1. Give a residue-ordered list of calculated ³J(HN,Hα) values for the stretch A:10-21 (Karplus: 6.51 cos²θ - 1.76 cosθ + 1.60, θ = phi - 60°; whole Hz; x for Gly, Pro).
2. Using the alpha carbons of chain A, what is the convex hull volume per residue in cubic angstrom, as a whole number?
3. Within the set of other residues whose C-beta is less than 15 Å from the C-beta of A:CYS64, count the net charge using Lys and Arg as +1 and Asp and Glu as -1.
4. Computed over the Cα atoms of the stretch A:173-284, what is the ratio Rg over Rh, Rh following Kirkwood?
5. Return the ratio Rg/(2.2 N^0.38 Å) for the stretch A:64-223, where Rg is computed over Cα atoms only.
6. For B:GLU250 and B:VAL164, calculate 0.36 nm times their separation in residues minus their Cα-Cα distance, and state this gained length in nm to one decimal.
7. Kirkwood hydrodynamic radius, the stretch A:81-155, all distinct C-alpha pairs: what's the number in Å?
8. Quote to one decimal, in nm, the extra length available between B:GLU69 and B:ASP423 on full extension: 0.36 nm per residue of separation minus the C-alpha distance between them.
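Here, each number is a calculation from the coordinates, and none is a lab measurement. Just so it is clear, the model here is predicted, and its values are computed rather than measured. Quick reminder, even Gly has a Cβ in these numbers, built from the backbone with ideal geometry, and neighbours come from all protein chains shown.
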Amino acid sequence: MALLKVTSPHTVNALSTARIMQLVLLATVPGILALTWHFGWGTLVNIAFACIAAAITEALALKCRGRQVGFFLKDCSAMVTAVLLAVAMPPYSPWWLILVGIVAALVLAKHLYGGLGYNPFNPAMVGYVVLLISFPVQMTTWAAPRGAVDGDLPGLIDALSALLLGRDAVAAFAVDGITMATPLDVLKQNDALLIKDLWQQSPVFGRWAGLGWEWANLGFLAGGLFLLYRRVFTWHAPVSMLVALSVMAALFYDGGSSASGGSPLFHLLSGATMFGAFFIVTDPVTSTVSTQGRIIYGALIGVLLYVIRAWGNYPDAIAFAVLLMNFAAPLLDYYTQPRTYGHRRGKRGGGGAA
Amino acid sequence: MMGFAVENLQVPVVKTTNCILAPSTKEQPPPPPAQPCIRCGLCSEACPASLLPQQLYWFARGKEYDKLEDHNLMDCIECGACSYVCPSHIPLVQYYRAAKADIRQQKIDAENAEHAKARFEARKARLEREQAEKEARRAARKAAAQSRAQGGGDDKADAVQAAVERAKAKKAETDPAQAAIEKARARRAQGDDSPATKEDLEQALASAEKRLATAEEKLQQAEQTGSEKIDAFRTGVEKTRAKVEKARAELETFLADNAAPQSGKAQSTDPAQAAIERARAKRADQADKTPLEKAQQAVASLQQRIDKAQDKYQKAKAENSDKLDILASSLEGLKDKLATAQQELASLQGEQAPETEAPDNPPADTGAEQDPAADAIARALAKRDAASSMTDEQRLQNAVDSIGKRLEKARTKLAQAEANDDDNLELLLDAVQKLELKLADAQQAQRDYQQAPQ
């Protein structure tokens with residue numbers, strides 16, 4: 001009788017990496033639906049193209065590295081990166097923009113470091129930052145939301161044409177007012193009006209935050225809560241980040257004056273806050289190891305986010321905040337080793353993330 | 001979840017077996033291939049010991065043993081919860097087991113290395129020490145050779161002599177017979193005319209007899225085997241017999257000469273007896289001599305005594321002793337005695353011719369001299385006889401009485417000396433004190449004896 005030589009434990013959980021990735025993708029659906037409803041097909045086209053590009057890029061990269069393509073492609077991590085990057089980018093972006101972003105994300109930030117699990121920086125955010133710095137114009141022209149545009153939103157054909165040919169070649173985008181600054185952008189540029197006046201004047205502002213953006217954020221919040229329920233990640237990092245952001249916004253609200261940075265609610269529901277909190281900050285590969293570390297990690301991201309939004313050069317700063325804290329994650333690991341059962345207190349300097 | 005896979009069906013069930021799992025492939029599929037760790041942190045949520053399995057995994061892969069110990073790898077109970085929840089199906093427990101074994105082995109190796117190092121150091125030190133000693137000896141020899149070369153032939157002869165003596169000494173250590181021979185030779189070389197003691201003579205006789213016995217045995221053997229050396233053995237036996245006779249004769253003469261003192265010595269160390277012997281010996285010496293010789297002998301002995309007293313006086317003066325006065329007075333007394341003895345000698349020498357005219361004087365002198373000696377002898381003999389017939393109690397009482405009498409005498413003498421302010425005052429005081437002590441001891445002995453039988 002042939003007996004297998006196996007080690008304890010002799011059974012495994014049903015949960016797998018692929019399953020986790022699939023859950024994450026599932027959780028983005030509400031937010032994407034909201035975005036699509038308010039801003040048109042652009043987001044979906046972005047996502048579709050990004051996924052195709054990611055699959056091809058990942059396969060090529062694995063082949064170059066000499067790894068089993070099928071085995072590694074099965075864990076769907078490339079898909080997740082593609083979706084996250086596509087959501088972060090402005091809709092109706094040209095194909096080459098997306099491709100550059102995907103390549104930068106997957107090859108530069110992931111495979112060059114050793115593939116899944118070995119990258120120190122969030123790949124989607126690395127891709128986004130590379131694009132933002134290399135192509136600032138394309139990366140800062142956002143579409144106008146449903147309530148703010150006069151006619152209809154661009155259709156699917158228009159979206160595909162914009163993807164393949166670029167926005168300028170598409171007639172639908174020649175209309176004035178089809179692109180608009182984001183609410184955060186508007187707030188940043190403002191230095192004359194009070195907040196409530198600004199709200200009345202600019203069409204991009206919705207009930208609590210930006211028009212359309214608030215629903216997108218609420219959608220991503222729902223998705224995040226779903227992931228929390230499924231225990232894909234712990235609450236420490238996202239909650240800590242949102243709390244820190246709220247605190248900072250509250251501290252510097254300044255009573256809604258012209259110099260104000262915006263209310264906490266505004267900040268929580270505008271831009272990529274919820275998206276960042278539940279899908280970017282919770283990326284396990286690049287965050288800290290212990291829960292203690294995650295609290296600090298999330299809090300500092302929130303603080304940095306507000307700082308860059310209010311006083312930095314960019315209107316939205318999830319990418320930069322997260323990347324900066326990715327730098328700091330090993331240091332946080334060094335100081336936040338939890339107390340082992342039976343020992344006195346957590347050891348300091350127990351070595352950082354490998 | 002913490003069990004081990006059985007390798008074959010021969011493994012028995014023992015007392016500590018609590019469960020056997022025999023799942024099918026569907027129930028428990030073989031472990032899937034491990035995927036890369038996505039650092040999700042589910043393992044640290046599952047760990048019952050609040051460890052960080054994720055970090056332990058990374059360190060175990062990188063073989064960073066000190067970081068593993070910092071993260072308390074040894075606290076892992078290998079329950080397998082982390083491995084169970086891991087979405088990438090990484091066999092975490094296997095990594096930890098291997099890492100633990102590596103750490104343990106490292107510690108053992110380090111200890112062995114320390115031990116080996118210590119032994120090596122000790123060995124090195126020992127070799128160096130031996131080398132240094134060798135060098136020192138070589139240097140000493142060289143120095144000695146150099147000094148000898150500079151010093152000349154005498155040194156050489158001395159060195160040779162020293163070496164010969166050393167060899168002899170070494171031989172004497174190992175060979176007692178040789179040592180005895182050397183001793184006899186040395187005595188003979190020194191011209192030691194002192195008579196051998198009884199023990200030496202007896203020993204000589206015994207060894208000679210032994211040699212005779214072995215020689216006779218050898219002769220017998222030779223006669224039996226018909227050896228060529230029969231004549232040699234015969235002569236040897238005769239020589240040895242002669243030696244035995246000589247030794248026996250020596251012993252007998254010695255015994256004859258020293259019969260009385262030997263027997264006396266053998267009996268007791270009674271001081272009275274010793275005094276009697278001394279007096280007898282002196283009388284025996286003096287009985288054979290003429291008055292002239294006696295006078296000369298007296299002068300010579302007095303001179304000797306004066307020399308001794310003079311030496312003592314000088315020594316006492318140098319040390320500034322208390323007994324200076326006493327010694328001075330004794331020296332003067334001796335000098336007076338010497339003067340009278342010399343006068344006598346002169347008168348005797350002058351009367352050498354008319355010796356026959358006064359034949360009675362020497363006998364009278366000797367008779368007068370004899371009287372105190374004979375009296376002393378008689379007294380001592382009487383005392384001894386009396387003592388031997390006494391019981392212990394009587395003896396002790398006798399001792400107490402005699403010491404008491406002597407003490408009385410000494411006290412009267414002391415009183416006289418104090419009255420006359422004699423120079424011998426301190427001496428007498430010492431004597432009185434000593435007698436008092438003796439009396440106290442004797443009385444104590446008597447008391448003890450009286451108490452003991454009760």
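1. Going residue by residue, I get 8, 8, 10, 6, 6, 5, 9, 4, 4, 4, 4, 4 Hz, with x marking Gly and Pro.
2. Convex hull volume per residue, Cα atoms: 159 Å³.
3. That works out to +3.
4. Computed over Cα atoms, the ratio is 1.03.
5. 1.22
6. Between B:GLU250 and B:VAL164, full extension yields an extra 27.6 nm.
7. 13.3
8. Length gained between B:GLU69 and B:ASP423: 117.7 nm.
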